[in-house]
There are 4 protein chains.
Amino acid sequence: MQGVQETALKQSQIQDDLESWVDRYREDASKGKCAAYIPALAKANPEQLGICVIGQDGSKAVAGNWETAFTLQSISKVISFIAACIHHGISYVLQRVDVEPTGDAFDSMIRLELHKPGRPFNPMINAGAITVSSLLEGDSTEDKFDSLTSLIESMTGRQHQINEEVYKSEWKTAHRNRALAHYLTATGFLGCPAEEALEVYIRQCSIEVTTEDIAMIGLVLAHDGYHPLRQQQLFSKEIARLTKALMVTCGMYNASGNFAAFVGVPAKSGVSGGIMAAVPPRGRKGETPFGDGCGIGVYGPAIDQYGNSVAGTALLGQIAGAWDLSIY
Amino acid sequence: MQGVQETALKQSQIQDDLESWVDRYREDASKGKCAAYIPALAKANPEQLGICVIGQDGSKAVAGNWETAFTLQSISKVISFIAACIHHGISYVLQRVDVEPTGDAFDSMIRLELHKPGRPFNPMINAGAITVSSLLEGDSTEDKFDSLTSLIESMTGRQHQINEEVYKSEWKTAHRNRALAHYLTATGFLGCPAEEALEVYIRQCSIEVTTEDIAMIGLVLAHDGYHPLRQQQLFSKEIARLTKALMVTCGMYNASGNFAAFVGVPAKSGVSGGIMAAVPPRGRKGETPFGDGCGIGVYGPAIDQYGNSVAGTALLGQIAGAWDLSIY
Amino acid sequence: MQGVQETALKQSQIQDDLESWVDRYREDASKGKCAAYIPALAKANPEQLGICVIGQDGSKAVAGNWETAFTLQSISKVISFIAACIHHGISYVLQRVDVEPTGDAFDSMIRLELHKPGRPFNPMINAGAITVSSLLEGDSTEDKFDSLTSLIESMTGRQHQINEEVYKSEWKTAHRNRALAHYLTATGFLGCPAEEALEVYIRQCSIEVTTEDIAMIGLVLAHDGYHPLRQQQLFSKEIARLTKALMVTCGMYNASGNFAAFVGVPAKSGVSGGIMAAVPPRGRKGETPFGDGCGIGVYGPAIDQYGNSVAGTALLGQIAGAWDLSIY
Amino acid sequence: MQGVQETALKQSQIQDDLESWVDRYREDASKGKCAAYIPALAKANPEQLGICVIGQDGSKAVAGNWETAFTLQSISKVISFIAACIHHGISYVLQRVDVEPTGDAFDSMIRLELHKPGRPFNPMINAGAITVSSLLEGDSTEDKFDSLTSLIESMTGRQHQINEEVYKSEWKTAHRNRALAHYLTATGFLGCPAEEALEVYIRQCSIEVTTEDIAMIGLVLAHDGYHPLRQQQLFSKEIARLTKALMVTCGMYNASGNFAAFVGVPAKSGVSGGIMAAVPPRGRKGETPFGDGCGIGVYGPAIDQYGNSVAGTALLGQIAGAWDLSIY
């Protein structure tokens, strides 16, 4: 009985901490701004900040604008990579895209040209992500997209819609991504025509989620592909581990090194301001929350020069420090 | 009493496994060759393979050529980085060298020129390591070098010598590193004259160790700077975590992404064929060896195109898989 | 009377020389091969070699396969540049494309990304040429293309057709050029939609000519935009000079420096094997043919790694040396 | 008699024009500034502008600060290239350095790394010039330097000194050039030790000249290696032509394309503000000055972002336009 009470107290303490940290780091939003190159994203209120943490037993701690809907953007790259690996097996996918970090911006083409024959460096840069989208199961844009949303829904437990305004906005301004897709066709890495791959990619970027949804995805990853609430293995441990490794080395665009150094958990960000983190169980002594691992979803639409949520990154750094979440 | 016996049995099982794996992966050496660009290294017998694993309680498992002496080479970059952070504090050091991975070769200059004003991308590439060496405590080459060896000796518990033949060989052929050092002087990042920084750097590369020595260093890193046998905090948790994060994102040259993906422990390699790994305590269920963390030293002088021991990497992959050492 | 006879003798000597040189350099074709990346070009007989030289007075010397039809390919870049300058004025065009040589391959993207904001380096690389095509007069693909052919026909004095097989072949395999066009849309340099610019560009590449046609174009350029046979100024001296300067610094892809060094006349090559050269009047003492300037057309479909006709380049080097045509 | 008078009148007209143009373009100096990275150069009065033109018959037209002494800097690259070609023959020299233009800055290293095995792209960028200096005749720094000054003195007809202050200033701050020299040692292109090559190179940059001296050098180049006043062939026509071609494609740093396009004569600039131009005889109708070719020396120490004299380039553009000097 006492144990339950203590846990309840702890839960409320966690909740209080999250709320006070959200208040504190919300101010950091002023150091960034909403993604301007996608007009529909530019409209978001930059001062929003929300978080949702879900533990192995389904316990949930939330604060701030955790219920606000936003689009997955680059967070979708993680999920399409998992989906492609489920469908083709890891080794097939890695023949088309490597897993090495680069120091280049997310939409860079340089390495495609410098490093013949041009296999994209990793699935977290746009060139690699478009390649991965072209490998999704299905013979049509529709089918490929459906195979991706099925995977997402198996993790979040609910259906997701596309934000049509964001989708149209991105499709219209996707000149660099279109250039990448055609370049990848030239080098032979795409699994379907350029325009099809591009459509799948942009649709997946436009899928609407909340911090709770991506916290659930992070939770499944944290548990090596096992969904602890549904008690089901959704994909293999090998795919989960590979994916988390990729998130560490490449997940935060070309600020991944700094994020690894100062936050220290596998995470993937999107220019809409979302960050999805997967925290594996820890073996350290001492009582800190979520010691059995957790998934974290953060939303804060003001992003920095690299494309990462400014307030969201700061908030995650605070939590990782206070709760000793680092994987190192 | 029974417990002790069981542990002894387990110890012997670990030992047997290590020996059989060393035998198996020794063959992989034929896929690589000894570093040719440093003449003194080219002489090593490429078929050597040795390993030493040290646990929190000092328990030690060894196999193969674990007692062979070799030079630290790039493994020294990790230690000089720690030494510079101890002396100057993390933030000072990071003003001179970033912590972002690159997709470039270890001796590349390109990014120094492309990314004005040229702060080296990370301390694990030569440009960054020479910068770090220039920041070591002391006003002379001698003093800087001594401050580094002191740190090493506090971890390994014994004194280390330079391999004079390797040192002279590297000094004479260090044209690219000399170029880097002068370039860094031009861009203003060195803390001492180019030739001095270069001398410290090449000397540190020539320090002789065994797999046991680097396993000890790995053990201290695994325990966040705490030496579990000497029961002493040698450097701060912050420095240790930052260093392990760096090892993950940049420690295996431009194969770091693949190493993270398929081995999954913080590690640093050197072209002499050494690999030092720091395995933090794990929180997973199930009984696997060294669950409280360990340090691992590997030596296998035949290296691949990236500069990493071929057999050593394969052996570590085997161990990490079998013992579930991955941090993800 | 004697003068006429002498000239006639000289004419016949020129003719004899051309024929013997064509025979000699035809063998050089074996060092190259027909462009493979455009299937329709790969079919050409690589041993062809033809030349046509036209002097100020219309005198014409020819040898070998001078009457064979081939497609303009990159030679069209010179003419579209002239057409765009006629329409918009030089300064407008140069706001969209620079005139600096690069050391990169013709279809490279690297510099677009490295040198923000990405104005193409010059109109002779594909990125620059696609930009120039987008600036041609007219509101439709059709009109833009017609404004280009009008200019060509004013110089050659005859109508030109597209080689439909080549056009279709290029359109289908134009992935890199399509990537460039979309990239240029992203950076804002195109004067019309990407697909339109691309269509104009690929159509202009497919225009069929003979060595006589491009010799005529070279002749007009040699005389600063003045057509000596039609006695008409077709475009300004400023445009002609600028164009010839561009041909010297960028006309032979990334072998332009060597061509300048060892041939020394303004020239533009195409991957179909054509080379168009514009030889200005010379001021040197001594009697060499075509001292008042000439246009030269060469055709030899076996190309080298840079995209230049192997035999054609050698033949031009021979002629430039023997007749002292160098502009230096 | 009348002819002489007319010529005298013309001479005086030329002189008047030069003077008025110098007055006009002197103002352009304010758009640039003196080279700051070499402290001794930064002291020059930026408003100076002087010119000297020397014709085939030795006739000389001068204006402004034509008698001011300045250091050769990169103009020396042209002369050391000639000297190396005289000593080794063209083909030997071109095995060590190519003749292709690049779009990179003069002190760039990027291409050395990108284009294995790293032969410098041309002798006009620092990497190429240091390589050329290493190939000069002689077994010591002294001898190599003397072989260069002998060639200079054979053209200018007088002895030249080094400006010791500039030399020391450059030696002390030559970090990037030192880096290049060591890099070139690593790639095997230098003909002598790095420090020796560097010393020769920096000494040659410090040689003091006036506009008259470099006009004389330009005159010899204009006449294909023949000294029209001394009536002596100093080096072969082949070397002269190759050198002028190089000046056109690479002589004005990475503004060479624009200079070719809008000035149109072979020229080489130095960061001290000197420009040496070699104008070959022209074959155009119409009476313009120096139709038989000339050498031009310009001095204007305020330089632009590329390293070229701002006022000097504008002045040369004016003269080339008014006198129709373009080689195209």
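Among the residues making up region C:298-321, a single one is touching a Phe, Trp or Tyr at 6+ places or on another chain (Cβ under 8 Å), within 14 Å of another protein chain (Cβ to nearest Cβ) and not in a loop (DSSP other than H, G, I, E, B): C:Gly317.
Total residues in region A:254-267 satisfying the condition of being in a helix (DSSP H, G or I) and in contact with a strand residue (DSSP E or B) (Cβ under 7 Å, 6 or more places away or on another chain): the figure is 1.
Being open to solvent by 30 Å² or more (accessible area, probe 1.4 Å), within 30 Å of B:Ala194 (Cβ to Cβ) and touching a strand residue (DSSP E or B) at 6+ places or on another chain (Cβ under 9 Å) is a description that applies to D:Arg203. From the list A:Gly291, A:Gly286, A:Gly295, A:Gly317, the one residue that fits, being open to solvent by less than 10 Å² (accessible area, probe 1.4 Å) and assigned by TED's automatic domain parsing to the domain that holds A:Thr68, is A:Gly295. Scoring A:Asn254 on the criteria (1) open to solvent by 20 Å² or more (accessible area, probe 1.4 Å); (2) touching a helix residue (DSSP H, G or I) at 6+ places or on another chain (Cβ under 8 Å); (3) in the same structural domain as A:Ala278 (by TED's automatic domain parsing) leaves a single failure, condition (2). Restricting attention to region C:115-143, which residues are open to solvent by 10 Å² or more (accessible area, probe 1.4 Å) and at pLDDT 95 or above? Correct list: C:Glu137, C:Gly138, C:Asp139, C:Ser140, C:Thr141, C:Glu142, C:Asp143. Scanning region D:268-282 for residues that are over 15 Å from D:Ile319 (Cα atoms), open to solvent by less than 20 Å² (accessible area, probe 1.4 Å) and either touching a strand residue (DSSP E or B) at 6+ places or on another chain (Cβ under 7 Å) or at the interface with another protein chain (Cβ under 7 Å from one of its Cβ atoms) (or both) yields a count of 6.
Condition check ((1) under 28 Å from C:Glu142 (Cβ atoms); (2) touching a residue at least 60 places away in the same chain (Cβ under 8 Å); (3) assigned by TED's automatic domain parsing to the domain that holds C:Leu315) across all residues:
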residue: C:Ala215; (1), (2), (3): no, yes, yes
residue: C:His223; (1), (2), (3): no, yes, yes
residue: C:Tyr226; (1), (2), (3): no, no, yes
residue: C:Arg230; (1), (2), (3): yes, yes, yes
residue: C:Phe235; (1), (2), (3): yes, yes, yes
residue: C:Ala245; (1), (2), (3): no, yes, yes
residue: C:Gly264; (1), (2), (3): no, yes, yes
residue: C:Lys268; (1), (2), (3): yes, yes, yes
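Please verify whether C:Glu153 is at pLDDT 95 or above and out of contact with any helix residue (DSSP H, G or I) (no Cβ under 9 Å at 6 or more places or on another chain), treating the condition exactly as stated. Before you say what the answer is, go through the steps one by one.
On the way: at pLDDT 95 or above: yes; out of contact with any helix residue (DSSP H, G or I) (no Cβ under 9 Å at 6 or more places or on another chain): yes.
For C:Glu153, the condition - at pLDDT 95 or above and out of contact with any helix residue (DSSP H, G or I) (no Cβ under 9 Å at 6 or more places or on another chain) - is met.
In region A:75-106, which residues are of a type in the set (S, T, N, Q) and either open to solvent by 10 Å² or more (accessible area, probe 1.4 Å) or at pLDDT below 95 (or both)? Result: A:Ser91, A:Gln95, A:Thr102. Of all residues in region B:19-73, those satisfying the criterion of being in a loop (DSSP other than H, G, I, E, B), open to solvent by 10 Å² or more (accessible area, probe 1.4 Å) and among the polar types (S, T, N, Q) are B:Asn45, B:Gln48, B:Gln56, B:Ser59, B:Asn65, B:Thr68.
Screening D:Ala240 with (1) open to solvent by 30 Å² or more (accessible area, probe 1.4 Å); (2) assigned by TED's automatic domain parsing to the domain that holds D:Asn65; (3) touching an Asp or Glu at 6+ places or on another chain (Cβ under 6 Å) gives one miss only, at (1). Total residues in region D:152-210 satisfying the condition of being under 28 Å from D:Leu94 (Cβ atoms) and either within 9 Å of another protein chain (Cβ to nearest Cβ) or part of a helix (DSSP H, G or I) (or both): the figure is 31.
Yes or no: A:Lys285 touching a strand residue (DSSP E or B) at 6+ places or on another chain (Cβ under 8 Å) and either of a type in the set (Lys, Arg) or modelled with pLDDT of 95 or more (or both)? It is false that A:Lys285 is touching a strand residue (DSSP E or B) at 6+ places or on another chain (Cβ under 8 Å) and either of a type in the set (Lys, Arg) or modelled with pLDDT of 95 or more (or both). Just checking, does region C:224-232 include any residue being within 14 Å of chain A (Cβ to nearest Cβ), on the phi > 0 side of the Ramachandran plot and not in a helix (DSSP H, G or I)? No, region C:224-232 contains no residue that is within 14 Å of chain A (Cβ to nearest Cβ), on the phi > 0 side of the Ramachandran plot and not in a helix (DSSP H, G or I).
Over 28 Å from D:Asn163 (Cα atoms) and in contact with a Ser or Thr (Cβ under 7 Å, 6 or more places away or on another chain): is that true of D:Gly257 in this structure? Spelling it out, D:Gly257 is indeed over 28 Å from D:Asn163 (Cα atoms) and in contact with a Ser or Thr (Cβ under 7 Å, 6 or more places away or on another chain). The single condition among (1) modelled with pLDDT of 95 or more; (2) assigned by TED's automatic domain parsing to the domain that holds C:Ala35; (3) charged (D, E, K, R) that C:Glu196 does not meet is (2).
The values are calculated or read from the model by the stated rules, or taken from the named source; none is laboratory data. Since we're looking at a predicted model, the values are computed, not measured. Virtual Cβ from ideal backbone geometry, glycine too; neighbours counted across all protein chains shown. Calculation scope for accessible area: heavy atoms of the full protein, side chains included, ligands and nucleic acids excluded. Shrake-Rupley method; radii C 1.70, N 1.55, O 1.52, S 1.80 Å.
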